[in-house]
Amino acid sequence: MTSILVTGTESSLGTRVAKRLTGECGFDVVSSAAQRAALETSTEADPAVHIDIAVHLSAGDHDTRARRRESVTKGASELIELAEKSGVHHLVLVSSAMVYGAWANNPLPLTEDAPLRPDLDFAFARQLASVEQMVDDWRTAEPGRTAAVLRPVVTMAADGTSSLARALAAGMGQRSGEDDPGAQFVQLDDLAAAVTLAAEKRLDGVFNVAADGWVAGDRVRALAGSAPRLKLPTRVAEVVARIRWRFQRGPIPPGLRSYTQWQWLVSNDRLKSQGWAPTVTNEQAYVEGTEAKWWTMITPKRKQEFSLAAMATLIFGSCAFAVALVRRARRRRAG
């Protein structure tokens, strides 16, 4: 049985990946902590487990890193050092499509050959770009090594949506600029399938991970249940957004704001050419990963029925109020 080292197995993505690797691929999943302990106690008579494949999920786990106040680059450095000692020849890294940056002049869609231009105000994206370089340096250091870098878009799931993903989704549903760029999402099970494929087939190179196509900005607002709002000039919208955040009324911190204002939509053709296929659409992933307002789930027919009922209630109430006023006036005259 082939042993495979996986970091971040305690996360929602990690549990899904570990289950697929053991069940579908027949791999023996080893945690980084267990491998470190084995290396420390290994002897010639009782050598440590040889690891041929390593999967680094922790780099893209923003919430855990933030909670522990750990640097993304530090965790990657430790993983690469462990891979060196364990004899790893293939490495899978889960990064993020945020490394492309969100810019008005981004091509539509972004392919894996696009330059990395993460927002300088968002340290997490900048660190992920550095980690990708570290992995590439490891790959080219010795012949025979391969590495797959996966760049997922906003990842959603009913039981695994991170605070970062929720913040981005919230911001995408509350735009108020002149132009509303589209948005992309990928369901967590589809990302786990991409990780499994990259490990099993030993994919080499960079691969975007996203559902097919994207969702228009106005459709994201509709899914979020946001009330229609006046579109503001971009500069005015930026000032309003900063004021809202300062008074804790905004959905996202300043470093993420550009990712809700400008497009960073990616192509998934390269990964699909390797046999991967998304099973959940952008809209389905968004709805599953967010607490959608109850009225966004109502069918158009039901909405019409509610509207007619509300109108009838309003008319009836107005008539009743008018009758009450007339009766009161009559009583006063009679008195």
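Since every read-out is calculated from the coordinates, none of them should be taken as a lab result. This structure is a prediction, so every number in the text was calculated from the model and none was measured. Here the Cβ positions follow ideal geometry from the backbone for every residue, glycine too, while neighbour counts run over all protein chains shown.
The ranking of LEU93, LEU57, LEU325 from fewest to most other beta carbons within 10 Å of each one's beta carbon is LEU325, LEU57, LEU93. Peptides 29-37, 5-13 ranked from most to least packed give 5-13, 29-37, packing being the mean of other C-beta atoms within 10 angstrom over each peptide's residues. Of GLU40, GLU84, the sequence from fewest to most neighbouring Cβ atoms within 10 angstrom is GLU40, GLU84. Note on ARG332 and ASP121: their simple-model spin labels are 5.8 nm apart, each label 7 Å out from Cα toward Cβ.
Scanning residues 5 or more positions from VAL149 or on other chains, those with amide H under 5 Å from its amide H are LEU93, GLY205, VAL206, PHE207, with H placed 1.01 Å from N in the peptide plane.
Return the long-range amide H neighbours of SER3 (sequence gap of 5 or more, or a different chain), with a cut-off of under 5 Å between placed amide H atoms. Result for SER3 returns ASP28, ASP52.
For the peptides 155-168, 128-141, residues were scored by their other Cβ atoms within 10 Å and the scores averaged per peptide; the highest-first order is 155-168, 128-141.
Backbone geometry of the stretch 96-110 corresponds, through the Karplus equation with coefficients 6.51, -1.76 and 1.60 at θ = phi - 60°, to 3J(HN,Hα) couplings of 7, 5, 5, 5, 6, x, 10, 9, 5, 9, 5, x, 10, x, 7 Hz, x marking Gly and Pro. Residues within the reach of a label modelled at LEU108 (point 7 angstrom out along Cα to beta-carbon, backbone nitrogen below 11 Å), restricted to the stretch 261-275, are 263-265.
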